[in-house]
Amino acid sequence: MNLGALKSANFRTYVFGSAFGLLGIWMQRVTIGWLAWDMTGSASFVGAVAFLLFAPSIVLSPLFGVWVDRWRVKQTLLVLQSINAMLSAVLWAMVALGWATPLVIALITLSIGMVIAANHPVRMALTPRLVRRHQVGSVVTIVAINFNIARMVGPALGGVLIATIGVAETLFVQTVLFAPYLFAVTRLSLRPRRESGSAQEPFFRALGAGVQYVWRSETVREAMLIAGVLALVARGALEVLPPLADGVFGRGAEGLGVLMSVTGFGAILGGLSQAVLPPQVPGRLPLTTRLAIVFGLMLVATLGLASTWELALVLAAGMSFVTTVTAISTQTAIQLDLEDDMRGRVMSLWAVIAAGGSALGAGAMGLLADWLGYQTALVWTGSLAALGVAVYLLMVRFRA
């Protein structure tokens, strides 16, 4: 199994600590989504909040990527997660005092989105340096599994807590969960990165070096494309789940928690499927990854046709399975060929594609849902995207 990185005590410390932080982050996400829906009843506002959560990554992640290749990445992670904990505490206070409004939710969500924009390149630059180079592929898989376990447990726990103890109390629990993560980060030691002189390059020249790397590599370009389309359509749909859980099926906050949890379960299965396979070969994106995107986009369209709650849960889990498999495979393909002093810049561009695509997709899906109806929007976007990608793959095959 592709789990060799767990032999490192250093990496195990990170995995253990980040499990708490990720649990808090996913509880935070479902709570914000529920607040947006409960306050307004508007799918557009839910989509707008999801957009604010991810949109900063489109602009800021590449800039942070350059800085990450120059800064002390461990200390940077500590600062970012401390800010995230503080924002969670502020949101708790606002809700507890009755001061929360749609504008307050939007502003705090935007602030959290800015932290996410910085955290993407920081995490992707830090985790490979916790182990030896030959274990980098294993790191990507294990981090994804850890992330998606929290993705399954966090929303379910968040939904149950919202329904039983209230929104404010749930936000307080989320804030406390950041403490073990921060402590674990202080215990980490990182493999030294090479000194290539990039830290002395002008800022935009260093940024351009990352862009040139992506453009020169056919494998990386294809990885970015596949990740982007699936993020735009499938991940975008998965970020606008409150209208499906409550608006279509009338399941309330607990239903939203269950729906997000089954997507987490599908993601865990996707991660485990990558873990049981042999390590990915450098310089090549597997055929199964290229085909998985078509299947995932077809699932989006099928979700729009779902007439029962149980079928909707299965389809959402399937969408999450495919997006996880694709994300792990594309990220691994890129990380395997990178030197440590380039990880921040190149992986920040991957974050722009993945997170930025989710943001744009969530915003567009919210608008389409209010215009066409949520399920009709899923049918059209999923069908058109699947057809477009299938045609592209056929053109690439015939050209080869």
As an exercise: evaluate Leu311 against (1) in contact (Cβ under 8 Å) with a residue 24 or more places away in the chain; (2) part of a helix (DSSP H, G or I); (3) open to solvent by 30 Å² or more (accessible area, probe 1.4 Å); (4) of a type outside the set (Asp, Glu) and give the number of the one condition it does not meet.
(1)
Restricting region 353-390 to residues that are among the β-branched types (Val, Ile, Thr) and open to solvent by less than 50 Å² (accessible area, probe 1.4 Å), the residue that is farthest from Val220 (Cα to Cα):
Val379
Only one of (1) within 25 Å of Trp380 (Cα to Cα); (2) of a type in the set (Ser, Thr, Tyr); (3) surrounded by fewer than 21 Cβ atoms within 10 Å (Cβ to Cβ); (4) within 19 Å of the chain's Cα centre (by Cα) fails for Ser273. Which number is that?
(1)
Any chance region 197-208 includes a residue that's modelled with pLDDT under 80, at negative phi and in contact with an Asp or Glu (Cβ under 6 Å, 6 or more places away or on another chain)?
yes
Note on region 36-56: residues open to solvent by 20 Å² or more (accessible area, probe 1.4 Å), part of a helix (DSSP H, G or I) and either at pLDDT below 80 or more than 11 Å from Thr109 (Cα to Cα) (or both) are Trp37, Asp38, Met39, Thr40, Ser44, Phe45, Phe51
Within region 288-297, can one find any residue that is at pLDDT below 85, more than 24 Å from Trp380 (Cα to Cα) and of a type outside the set (Asp, Glu)?
yes
Leu190: passes all of (1) surrounded by fewer than 18 Cβ atoms within 10 Å (Cβ to Cβ); (2) touching a residue at least 40 places away in the same chain (Cβ under 8 Å); (3) more than 23 Å from Arg343 (Cα to Cα) but (3)
Would region 58-72 turn up any residue that is under 30 Å from Arg132 (Cβ atoms), in contact with a Leu (Cβ under 7 Å, 6 or more places away or on another chain) and among the basic types (Lys, Arg)?
no
Tell me which of these Asp69 doesn't satisfy, since it passes every other one: (1) crowded, with 23+ Cβ neighbours inside 10 Å; (2) modelled with pLDDT of 85 or more; (3) charged (D, E, K, R).
(2)
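The values are calculated or read from the model by the stated rules, or taken from the named source; none is laboratory data. All of these numbers come straight from a predicted model, not from anything done at the bench. Neighbour counts are summed over all protein chains in view; Cβ atoms, including those assigned to glycine, are modelled from backbone coordinates with ideal geometry. Ligands, DNA and RNA are stripped out before the accessible areas are found, and what is left, the full protein with its side chains, is counted by its heavy atoms. Shrake-Rupley method; radii C 1.70, N 1.55, O 1.52, S 1.80 Å.
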